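What follows is a short report on a single structure.
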Amino acid sequence: MKEILYCGDTSSKGAASYLLGVLDYGGFGYQYLNSDEKFTSSKKPPAKLLILSDYPAKNISQTQQYQIINWVSQGMSFWMIGGWESFYGLNGEYIGDWDKILPVVVQDKDDRVNSFQPYILNPLKTSHPILKDLPWEIAPSVSGFNKVKVKKDSKLLMNAIPLSIKNVKGKISTKKGIPSPMLVSGNYKKGKTLALMTDLAPHWIGGFVDWGDQRIQMQAKDANDVEVGHYYTQFVIQALQYLLNKDIK
């Protein structure tokens with residue numbers, strides 16, 4: 001069994017290059033399905049962690065959906081990452097029984113938020129294993145996400161605060177808006193679940209992908225090479241470690 005089954009983000013020559021690069025850089029064992037490939041049926045869990053990111057729900061049959069829900073109940077971890085084909089999105093439509101394992105409530109309509117001004121990431125639990133040891137005093141921004149609601153039994157780890165920036169005759173002023181959920185953790189029976197409402201690749205990720213003053217170049221097998229910030233890399237690796245390690249709470 002592989003550690004991770006990662007599905008979506010177009011292809012290894014497209015947006016998937018970013019997460020694939022981190023998986024390779026971090027030494028994780030993984031299998032990848034692009035957005036055009038149908039989900040592979042199997043009786044046993046295909047991995048310790050299933051990641052769906054910009055992967056259309058139509059690629060997963062109802063029988064496979066029930067299998068995934070059952071695998072999570074038995075201990076497989078599940079992470080959904082935002083995008084046009086995640087949550088409801090434009091072509092995601094993860095509604096119905098998906099509600100059992102998602103730690104957020106998905107709208108039954110287009111939930112995409114695209115913003116030309118920044119949403120600043122705002123951690124609420126900096127001691128959490130995913131968020132710890134990162135310089136949140138210089139938090140990055142994102143430019144888009146899926147708008148959801150947090151379930152009562154889930155943990156809101158991070159939200160994003162919109163900034164309205166005005167330039168009047170060379171005088172810059174900013175105004176904060178209403179925060180939106182950005183990172184939510186949960187559990188479904190024995191399995192850990194996580195929802196990140198923004199993407200891990202351009203364009204929604206905005207400046208988040210460049211977070212850090214050290215540049216890391218990475219390239220997974222059969223993928224494009226990418227260059228990212230070292231705090232971005234640390235965040236993603238810590239999220240993966242949290243989901244893969246049952247002892248990390």
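Read-outs throughout are calculated quantities, based only on the coordinates presented, and are distinct from any laboratory measurement. Please read all numbers here as calculations on a predicted model, not as lab measurements. In this analysis, Cβ positions are derived from the backbone assuming ideal geometry, glycine residues included, and neighbour counts consider all displayed protein chains.
Maximal additional length on extending the F116-Q64 stretch stands at 14.9 nm, based on 0.36 nm per residue less the C-alpha distance. Here segment 36-87 and segment 107-151 have alpha carbon centers that stand 23 Å from each other. Zone of K43 (label point 7 Å along Cα→Cβ, backbone N under 17 Å): which residues in segment 1-28? Answer for this model: 1. Counted residue by residue at 0.36 nm each, then reduced by the alpha carbon distance between them, the extension gain from S164 to K152 reaches 1.3 nm.
Dipole size in debye (nearest 20) for the chain around its Cα centre, Lys and Arg Cβ +1, Asp and Glu Cβ -1? About 880 debye. Remark: the K2-D108 segment gains 34.8 nm on full extension, using 0.36 nm per residue and subtracting the alpha carbon distance.
The convex hull defined by the C-alpha atoms of segment 185-249 has an orientation-averaged projected area of 5.6 nm².
What's the angle, to the nearest 10 degrees (0 to 90), between helix 62-73's Cα axis and the longest principal axis of the chain? Compared with the principal axis, the helix lies near 80 degrees. Relative to the longest principal axis of the Cα atoms of the chain, helix 16-25 runs at roughly 80 degrees.
Within the chain, antiparallel bridges make up roughly 65 percent of the DSSP beta bridges whose residues both belong there. Kindly identify segment 1-89 as rounded, prolate or oblate by the Cα gyration tensor criterion: order the square roots of the eigenvalues as a ≥ b ≥ c, call it rounded if a/c is under 1.5, otherwise compare a/b with b/c, prolate if a/b is larger, else oblate. Oblate is the answer for segment 1-89, as a/c is 1.5 or above yet b/c matches or exceeds a/b.
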